[in-house]
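What follows is one structure encoded as structure tokens, with my remarks underneath.
The values are calculated or read from the model by the stated rules, or taken from the named source; none is laboratory data. Just so we're clear, the structure is a prediction, and the values are computed from it rather than from any experiment. Using ideal geometry, Cβ is built from the backbone for each residue, glycine included, and neighbour counts are taken over all protein chains shown. Surface accessibility is based on the protein's heavy atoms, side chains included, excluding ligands, DNA and RNA. Shrake-Rupley method; radii C 1.70, N 1.55, O 1.52, S 1.80 Å.
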Amino acid sequence: LNELRRVLGVLRSDRTDVAPQPGLEDLDELLESARTGGVTVTCEISGTPQPLPDGVNLSAYRIVQEALSNAMRHAPGSAVQVKLHYGEAALVIEVRNDGGAAAAPLKNGERPTAAGLGGGGHGIIGMRERATMLGGHLRAGPTPDHEFLVTAALPLGAGAGEDAP
């Protein structure tokens, strides 16, 4: 709600010095920021990159940003792979980390889950809400290989993301 209020405030403002919202055109800077935050990041882009509706572009950036932030917070020192696939119907985002120190077994031999990584925040919920708001979906959780995977599909169809903040 706070972000929505901020967006509405910007839209209603007569100010001309308001910075534009970030998007995937700012991805290189985001990845570099994560690298300086202690994770190794690689990025792969497939398909044919195309201009995205504003809502899809902002949401894609924010989903990658949150997934990287979670990796830095919960799996410092991990290797993170960011993959973007521009399909005909959707932009598919995949952010996978190897878990770093967080993938080590707990004292009882179990491995930590997303909930067991000391979270309690609203990051995954927020990512899921962004995807759903655009008519897409998001899945996030540990893999059988003890990695953590965030996958989102954001529709690119007519009008996708046009009304989204």
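Summarising the label geometry, the points placed 7 Å from Cα in the beta-carbon direction at Glu25 and Asp145 lie 3.5 nm from one another. Ile45 contributes an accessible area of around 90 Å² to the protein surface, as traced by a 1.4 Å probe with all chains present. In nm, give the distance between the simple-model label positions of His122 and Thr42, each being 7 Å from the Cα along the Cα-to-Cβ direction. Spacing of the two 7 Å Cα→Cβ label points: 3.6 nm.
Would you rank Glu94, Glu32, Glu88 by solvent-accessible area, highest first, keeping every protein chain in place and using a 1.4 Å probe?
Values: Glu94 45, Glu32 90, Glu88 185 Å².
So, going from the largest accessible area down, we get Glu88, Glu32, Glu94.
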